């Protein structure tokens, strides 16, 4: 069974703690809404994942899109992590956090030439190429710089990951990667290009998977594909099997890192390669919460609404995916329960954190914790309705530090100008 959010977020004497810090103490110092992360949970997750693959030559590359806070990245740097990036901005972040560029893989369908040049100058491990036109552009950029670009191709094994269609990425109809059947020809063309060095094969089938069978199926297909490439003379040294391991948000029972590793290592059995893994959600999802304050209770004939100061601009997963996020009162008390929608101040009907949820009956001023918010929380936040983005806090035992200040109103308009013509 996978570790759960309860590992580092627990109630003691009816008050919610992150590690040994009362969440209310964080709120008193920083206000709401605020993201709160557990450093111990980040370390636990990385070490458990890394140790699960101890039986193989491997490199764990945390997927930065899940949580790109510099302090979170530094925590993983200190554990020896590599990084999976999808933009020049993410490359800047990991280097700023102290990452070894030789442990960085660059994924994503829309790499620009400027981003390619930046990554080549930085000396990253490899590019996960996602189209033949990208391959040609990368060859041109590398040639103009007088260097060779290390590449793998992201192949789509057409395995159904059995997850939400928005986060399913390895099917034939996906915008990502190259279908496995024509991919061999793409590899032949890449080998013939003078400024590319073919070093690996990449595959990522989706996110929030709760079964090992899709991973195993994909790994088997990748293994067979690598054997074909090697028979044609390709020197494949890396097999990047992506990420996608799910976490528990509600009643899911995702596999633990050991079962996940066993499925992947069995799938690529017999290949003398370094495995590259790109966990994201499974590293940080249950290491963080979003704390929000109750503003008002609104009762109508059809529904009860609890209006809080956190909104879809802070955490968009419920609105975007219809995703479930657990809710807990920061302070438990004998108050009875009610069924309500928990909604934010944004002027959209889709602005909700939970719908038809049974919760402790709140009063204005109560604090509510949105659980499992460490992944795809702040990284997907926006300023919609001109709302400042939330603060972020990292807890280490009995101490905590603000690792991102709350955005200010002045900060919201930084970089904007009213031109002279007005």
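The values are calculated or read from the model by the stated rules, or taken from the named source; none is laboratory data. Here the structure is a predicted model, which is why all the values come from computation and not from measurement. Cβ sites come from the backbone with ideal geometry, for glycine too, and all protein chains shown count toward neighbours.
Looking only at residues of the range 86-114 that are free of Cβ contacts under 8 Å to residues at least 24 places away in the same chain and closer than 20 Å to residue 244 by Cβ, we find that the one that is nearest to the chain's Cα centre (by Cα) is 86.
Applying the condition of being more than 19 Å from residue 8 (Cα to Cα) and under 20 Å from the mean Cα position of the chain (by Cα) to the range 384-395 and asking which residue is surrounded by the fewest Cβ atoms within 10 Å (Cβ to Cβ) yields 389. Could you check the range 239-317 for strands (runs of 3 or more DSSP E) lying wholly inside it with 3 or more residues that are under 30 Å from residue 349 (Cα atoms) and touching a strand residue (DSSP E or B) at 6+ places or on another chain (Cβ under 7 Å)? Passing ranges, in order: 288-299, 304-308.
Residue-wise test of (1) without any contact (Cβ under 8 Å) to a residue 40 or more places away in the chain; (2) surrounded by 21 or more Cβ atoms within 10 Å (Cβ to Cβ); (3) under 19 Å from residue 277 (Cα atoms); (4) in the same structural domain as residue 206 (by TED's automatic domain parsing).
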| residue | (1), (2), (3), (4) |
| --- | --- |
| 30 | no, no, no, no |
| 43 | yes, no, yes, no |
| 48 | no, no, yes, no |
| 52 | no, yes, yes, no |
| 56 | no, no, yes, no |
| 61 | no, yes, yes, no |
| 67 | no, yes, yes, no |
| 71 | no, no, no, no |
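Taking the criterion of being touching a helix residue (DSSP H, G or I) at 6+ places or on another chain (Cβ under 8 Å) and surrounded by fewer than 18 Cβ atoms within 10 Å (Cβ to Cβ), the residues of the range 78-91 that qualify are 79, 80.
Listed conditions (1) modelled with pLDDT of 95 or more; (2) touching a helix residue (DSSP H, G or I) at 6+ places or on another chain (Cβ under 7 Å) are all met by residue 308, apart from (2). Any chance the range 364-371 includes a residue that's within 15 Å of residue 249 (Cβ to Cβ) and in a loop (DSSP other than H, G, I, E, B)? Checking the range 364-371: at least one residue is within 15 Å of residue 249 (Cβ to Cβ) and in a loop (DSSP other than H, G, I, E, B).
The helices (runs of 4 or more DSSP H) found wholly in the range 27-136 and carrying at least 2 residues that are under 30 Å from residue 192 (Cβ atoms) and modelled with pLDDT of 95 or more occupy 88-96, 113-122.
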